[in-house]
Amino acid sequence: MFYQKLWPTLAALGLIFLVAPALWAQSGEGLDAASTRLDAVVVTSSRTEETLREVSSVVNVIDQEALQKFPEERLDQILRREGYYINEYPGQDSAQIMIRGFKNSSFMTDGGLGGSIMLLVDGRPSGVSNIARLTKVNVERIEIIHGPAALQYGASALGGAINIITRRGEGDFSAHVKTGLGSYSFNDQLLGFDGRVGLLDYAFDFYRSGVEDFDDAKGRRMYGTDTNALYSGSLNLGLNFLDDRHRLGLVASVFDNKKQGIGGYVAPGFSSYENDYGDTLDLNNKNFDLSYAGRTESDFLSWAGRYYHTEEYRKYYYGPTRDRNDPNVSTYGPYKTSVDGFQGQATANWNIVELTGGFDAIVYHTDDKGYNYADTPDVKHRDLAGFLIAKIRLLDDRLIFNGGLRYDSFKIDLDGKPSSNLTNLTPSIGVAFLPLEWLKLRANYAEGFHLPTPNQLTRDAIGDSPPVHYLSNPDLDPFTSKSYEIGFDVFQPTWNIYVTYFNSKYRGQVRSALTGEIDGNGLPIERYFNASEPTTYAGVEFGGSVDVGAQAGWDFGLSPYLKATVFTERKAYREATRAYETDVDIPKLIVSYGLDFAYPEFDLTASLNATYVGEARAQNWSMVNPRPAPYMGYFNTDSYTLVDLSLSKALMKSADETRKLTLDVAVRNLFDKYYESIVDYPGPGRNFYVGLRYDFN
C-alpha cells in the first residue's frame with residue numbers, strides 16, 4: 001500500500017535517473033556548461049565566497065527564478081515546494097521547518113534560541129526561529145546548509161542553517177508593483193525599487209496582505225485563522241568606494257502582523273470551527289545591521305565586520321469579541337526578546353590554502369514567559385566565540401579539504417540566581433573530490449550544539465487541559481549532535497542528480513515529563529530534563545531534474561524534477577517505557593516533485609508541483625476529539641499529497657522590454673485534499689490567487 005501511493009514519485013524518479021542520462025551526449029560544450037554550474041558562488045558554507053565545487057556539505061540554493069515560481073511571499077510556503085517538511089498551524093503565521101529530523105520552534109518568542117535550524121539574514125542571526133515570520137521581500141536568493149553548521153554560526157544550528165541573502169541594487173533605477181486577490185478575501189500589495197547612483201546602491205521592498213478565515217477541505221469554517229494586516233518591509237543601502245572593493249552597508253527589515261487569529265482547531269470548544277471567539281495576537285519582528293566589508297586589490301586578503309540588533313515580541317488578546325477596548329478582553333504581554341551582536345572576520349587566500357578566522361559576540365535578552373507564568377525571571381544569554389575555517393585545494397582544485405574549529409564561551413543569567421558558565425568546542429571536517437569535471441564526490445563530519453532555552457530554564461505555568469503545573473529545570477545541560485554524510489552530485493547542462501546518506505546522533509535532547517510530584521495546590525508537576533540516551537536520525541536525500549525540452553531541441557522548456565528525503569531511522573529513547581521508539585512528528589518520507597514549463601516566445605511559464613508527506617508518529621493532545629489513541633496516546637498520522645498549479649504570462653511589454661505587465665494565477669491544493677500537518681489543525685481546502693505585476697527597468 002505504501003508504494004502504491006508513491007507511484008507518481010517512483011515514475012518521476014525513473015524518468016530522471018534512466019531517461020536523462022540516455023538523452024545526454026557528452027560534448028566539449030556540455031562539459032563547459034556543467035563546469036559553469038559548479039562554479040556558482042555561495043557564501044553560507046564557509047562565511048566567505050566559494051564555489052559549489054568546493055563545498056563538502058549539501059548546500060541548496062534557491063535563486064530568483066525559483067523564488068518567483070510561485071506567488072507566495074512567506075518563506076514557509078515557498079520551502080514546502082522545495083522538498084522541506086513544514087509543520088504549521090495553518091492561518092496562524094506559525095510554522096517550523098525540518099531538515100534531517102531537526103526542527104525549529106514555531107510560535108515562541110525566543111530570538112531564535114528555540115530552534116535547531118539557524119535562520120540567518122546576510123549571514124547573521126535573524127532573531128527568529130519561526131520560519132513563517134520571514135518573507136521573500138527584497139531577497140536575492142536563499143542558501144540552505146543541510147547538517148550541522150555550528151562551526152560557522154554557533155548554537156541553534158544543530159540541523160542546518162538557512163541564509164536569506166538580501167538584494168543589492170545595481171544599474172539604473174528599476175521598480176515593480178504588484179496587487180492580487182484570492183480566496184477567503186485574500187488581498188496583497190507589493191511595492192519595490194532598486195538601483196545605483198554613483199557610489200550608492202539601494203534596494204527596497206514593502207509588502208502588505210490580509211485574509212479572512214479559511215474553509216478546510218471538508219467545508220468547515222476554521223474560525224480564528226484570519227489576519228487583519230500583515231506588513232513586511234526590507235531596505236538594503238550600500239556605499240561603495242575604492243573601485244568597489246569596500247562597502248559600508250545598512251540592512252533594515254520589519255515583520256508586523258496585526259490581529260492575527262489563533263484558532264483553526266477542529267475539536268469542539270475553545271477557538272474551534274464551532275466558535276468564532278475574538279482571540280487574537282500581534283506579532284512583530286524588526287532588525288537592522290551595520291556592516292563594512294573590504295578586500296585588497298589582489299583579493300589575497302578580505303575582511304568584514306558587523307553590528308546587528310533584532311527585536312521580536314508578541315501580545316495576546318483573549319475575549320468574546322475583537323474589540324480590544326471591550327472590558328471583557330484580557331491582555332497578556334507584550335513578551336519580548338532582543339538580540340545584540342557583533343561579527344568580525346578576515347580571510348587570507350594563498351590559492352592552495354585559504355584561512356578564515358573571526359569572532360562572534362551575541363547577547364540574548366528575553367522576558368518570554370507566556371501568558372500564564374508566575375514570577376519568572378528575565379534571562380540573558382551571552383556568547384563569545386572564536387572560529388577558524390580552513391580550505392586546502394589540491395590536484396588542480398579537484399581535491400578540496402574543508403574543516404575548522406569553533407570555541408564558544410557562554411554565560412546565562414537568571415535574575416536572582418547564580419550565573420551559569422558553559423563552554424563548547426565544535427569541530428568539522430569534510431572533503432570534496434571531482435574525478436570528472438561534472439561529478440563531485442563528497443563526505444562531511446560535523447558537530448553541533450544547543451543551549452537550553454529561556455523557557456526551559458525559567459518556565460512556571462499552569463496548564464488547563466488537563467491541569468498540570470509546568471516547572472523549569474535551571475540545571476539543564478547543553479545538548480549536542482554528531483553527524484556524518486556521504487554523497488555525490490552530477491552536474492550536466494540539462495540535467496542533474498544528487499544523492500546523500502546522512503546519520504546524526506542527538507545527545508542530551510531536552511524533553512518534558514510528569515515527575516510523580518504534586519504541588520501545593522494538588523496539581524501534578526511536569527519538568528524538563530536531558531534525555532539519558534541519544535536520538536538518531538538517519539536517511540537518504542536524493543533527486544534531480546532534467547530539461548526534456550532542451551534535450552529534444554524544442555522551443556519550450558519542459559522539466560520534471562524530484563526532491564526527496566526518506567528516513568531509515570527516527571528513533572528516540574522514551575524514559576517512561578525505557579525503550580527506543582519512533583520519534584514524533586517526523587514523516588518517514590517527504591517528496592516534492594512536478595513539472596516546470598517555460599515558453600519564452602510567448603512569455604509564458606507554468607509549474608505543477610506535488611508535495612507528498614508520509615505517515616508520522618504523533619501524540620493525541622485533544623481530550624474532546626479522540627484519535628486512534630486516547631488523550632496523550634500515540635498513533636500514526638495519515639499520509640497526504642498536496643498539488644499546486646501556477647501560471648505566469650506577460651500581458652504587455654514594451655519593445656525594449658523595459659516595461660512589462662504580468663498576470664500571475666495560482667491554484668493551491670488543486671484536488672481539495674484534507675490534511676493536517678499538526679494534529680487537529682487542518683489546512684485550507686482548494687483556493688485561488690490572481691495577481692498583476694508591473695515592472696519598470
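What follows draws every value from the coordinates through simple rules; no lab data is involved. Everything quoted here is computed from the prediction, not taken from an experiment. When we count neighbours, we look across all protein chains shown, and the Cβ atoms used for this are built from the backbone with ideal geometry, even at glycine.
For the reader, a short list of remarks on this structure follows.
- Relative contact order, whole percent, for the chain stands at 11, derived from Cα pairs under 8 Å and 6 or more residues apart.
- Adding -39500 (n - 2.57) for every DSSP H run of four residues or longer, then dividing by how many residues the chain holds, sets the calculated 222 nm ellipticity at -1500 deg cm²/dmol.
- Subset of LYS103/LYS563; LYS69/LYS653; LYS315/LYS505; LYS103/LYS315; LYS259/LYS411; LYS286/LYS563 violating a 30 Å alpha-carbon distance limit: LYS315/LYS505; LYS259/LYS411; LYS286/LYS563
- Stokes-Einstein translational diffusion, the chain - Kirkwood Rh over all Cα pairs, 0.890 mPa s, 25 °C, in µm²/s: 93 µm²/s
- Magnitude of the charge dipole for segment 171-324, about its Cα centre and with charges confined to Cβ atoms of Lys, Arg (+1) and Asp, Glu (-1), is about 240 debye.
- Each Lys or Arg adds one and each Asp or Glu takes one away; over the other residues whose Cβ falls under 10 Å from the Cβ of TYR317, this sums to 0.
- Largest-first ellipsoid semi-axes for segment 391-513, taking √(5λ) over the Cα gyration tensor eigenvalues, angstrom: 43, 20, 10
- Comparing PHE70, SER302, TYR580 along the charge dipole axis of the chain, the residue lying farthest to the positive side is TYR580, per the Cβ-charge model.
- Note on segment 106-177: Kirkwood hydrodynamic radius from all Cα pairs is 13.0 Å, rounded to one decimal.
- Listed residue (ASN521, ASN285, VAL197) projecting farthest to the positive dipole end of the chain, Cβ model: ASN521
- Karplus 3J(HN,Hα) series, Hz, for segment 678-689 with 6.51 cos²θ - 1.76 cosθ + 1.60 (x for Gly, Pro): 10, 3, 6, 10, x, x, x, x, 4, 8, 10, 8
- Span from the segment 231-306 Cα centroid across to the segment 156-176 one, whole angstrom: 11 Å
- Three-way shape label, segment 80-235, alpha-carbon gyration tensor, a/c 1.5: oblate
- Along the axis of the charge dipole computed for the chain (Cβ charges of +1 for Lys and Arg, -1 for Asp and Glu, origin at the Cα centre), the listed residues GLY539, PHE387, PHE186 are led at the positive end by GLY539.
- This model, with +1 at the C-beta of Lys and Arg and -1 at the C-beta of Asp and Glu, gives segment 4-696 a dipole about its Cα centre of some 760 debye.
- Among SER105, SER654, the ranking by other beta carbons within 10 Å of each residue's beta carbon, starting with the fewest, stands as SER654, SER105.
- Bins of 5 Å, starting at 0 and running to the largest distance - Cα pair percent for segment 228-383: 2, 8, 11, 13, 13, 12, 10, 8, 7, 6, 5, 4, 2, 1, 0
- Neighbourhood charge, 14 Å Cβ-Cβ cut-off, centred on ASN349 and excluding it, Lys, Arg +1 and Asp, Glu -1: -3
- Residue order, fewest to most beta carbons within 10 Å, for LYS218, LYS103: LYS218, LYS103
- Ranking of LYS136, LYS258, LYS588 by count of other Cβ atoms within 10 Å, fewest first: LYS258, LYS588, LYS136
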